[in-house]
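For reference, the structure discussed in these notes is given below.
The values are calculated or read from the model by the stated rules, or taken from the named source; none is laboratory data. This one's a predicted model, so the numbers in the text were calculated from it and none came from an experiment. Cβ coordinates were reconstructed from backbone atoms using ideal geometry, including for glycine residues, and neighbour counts include every protein chain displayed.
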Amino acid sequence: MDPHIAEAVKRPDLVSLRPDLVCLRFESMKLHSALGAVRHLLETGVVRPGDTLVDSSSGIYAHALALACHRYGMKCHIVGSTTVDRTLRVQLEILGATVEQVRPSEDLRLDQESRVRRIAEILARNPTYHWMRQYHDDIHYLGYREVAARLDREIPDGPLTLVGGVGSGASTGALATWLREAGRDVSLVGVQPFGSVTFGAQHVADPDMIIAGIGSAIEFRNVRHALYDRIHWVGFDCALSGAVQLLRDTGIFAGLSTGAAHLAAHWERRRDGARTHVFIAPDTGHRYVDDAYARHREAKDPDALKPHEITDLRDLRRPWSTAARADLRLPNSPRPADRRD
């Protein structure tokens, strides 16, 4: 029996779609990130019950942090983007979190930078608040250790290819790290939207793609570029096709990043059938109904889609490109300031 709903909601499902293709499905993946981080902060005495935790979020992490604070008796303050909709905001307020949203901006960089500036103002007035820094503090790796252990237990021995959105770097980076430390042969494939700076795609725009969650317009220090073996940049049309096909074939209703990961995993599987391929579904598809699933008739047959393979970021192009990470000229990713215990 779970002591709190957060412990139940965080538990993922492992769904075998084919003998060598598995979906790691979460209702809300970032609960692992938030619960693990808050628990570690309490255990190490960095914060105490009753303290206020603050962070910026486009939505999913806000809900995860609010539930983690509810679970451990903390206060929560969220600086949210305009993607925090009414349904989520009402939940956050009832859970006891305080929420403020920055002014709407069509420029994601300005949106993210304004949220960071607002947090700095809040901390200056409230020095006892603790900034969670989901994008930069590698304590957010800790909560995924148990997920990696389950993958190691339940997936037969042999080489794995793990496919998922890069985002803040904590989820895919942590799972690959823990699995490799357990001795598994893991190839890590990161999914990115066009326009994200994380792997150098900021010069290719995709106005339809919902970038928040799997990419970034600012640098995330939790992303360790060297962990990734291959990158797929997937546009809206391809991500939609992957998501619709996944729902049609398997009944799994998930977000756009899942559609992109599903598409990339199928391509990787065709390239190397000797590995078990696991792709991550980090959330459900409910918040994508109006902007994506309502256009399901536009979805293409994923088997008819293939990526443009590149070795130079100048050749990056929509709707789908891929490259081995070793072929890309990228800056060394800075290490987070905090130690991963």
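Summary of values
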| read-out | value |
| --- | --- |
| Some residue of the range 70-81 being over 25 Å from L142 (Cβ atoms), in a strand (DSSP E or B) and touching a Leu at 6+ places or on another chain (Cβ under 6 Å) | no |
| Number of the condition not met by A205 [criteria: (1) hydrophobic (A, V, I, L, M, F, W, C); (2) surrounded by 15 or more Cβ atoms within 10 Å (Cβ to Cβ); (3) assigned to a loop (DSSP other than H, G, I, E, B)] | (2) |
| Residue, modelled with the lowest pLDDT, within the range 40-61, restricted to residues that are in contact with a helix residue (DSSP H, G or I) (Cβ under 8 Å, 6 or more places away or on another chain) and over 21 Å from P127 (Cα atoms) | G59 |
| Filter result (buried (at least 17 other Cβ atoms within 10 Å of the Cβ) and under 22 Å from H286 (Cβ atoms)) within the range 18-48 | C23, L24, R25, F26, S28, M29, K30, L31, H32, S33, A34, L35 |
| Residue count for the range 3-38, restricted to those that are part of a loop (DSSP other than H, G, I, E, B), over 20 Å from M132 (Cα atoms) and of a type outside the set (A, V, I, L, M, F, W, C) | 7 |
| Of residues in the range 257-296 being among the hydroxyl-bearing types (S, T, Y) and under 28 Å from D85 (Cα atoms), the one modelled with the lowest pLDDT | Y288 |
| Residues of the range 39-69 classified as touching a residue at least 60 places away in the same chain (Cβ under 8 Å), hydrophobic (A, V, I, L, M, F, W, C) and part of a helix (DSSP H, G or I), total | 5 |
| Contacts under 7 angstrom Cβ, first residue in the range 131-147 being at pLDDT below 95, partner hydroxyl-bearing (S, T, Y), 6 or more apart | Q134/S33; Q134/Y61; Q134/S168; Y135/S168 |
| Total residues in the range 122-161, condition in a strand (DSSP E or B) and β-branched (V, I, T) | 1 |
| Residue list for the range 162-195, filter: in a loop (DSSP other than H, G, I, E, B), surrounded by fewer than 24 Cβ atoms within 10 Å (Cβ to Cβ) and not aliphatic (A, V, I, L, M) | G183, R184, D185, G195 |
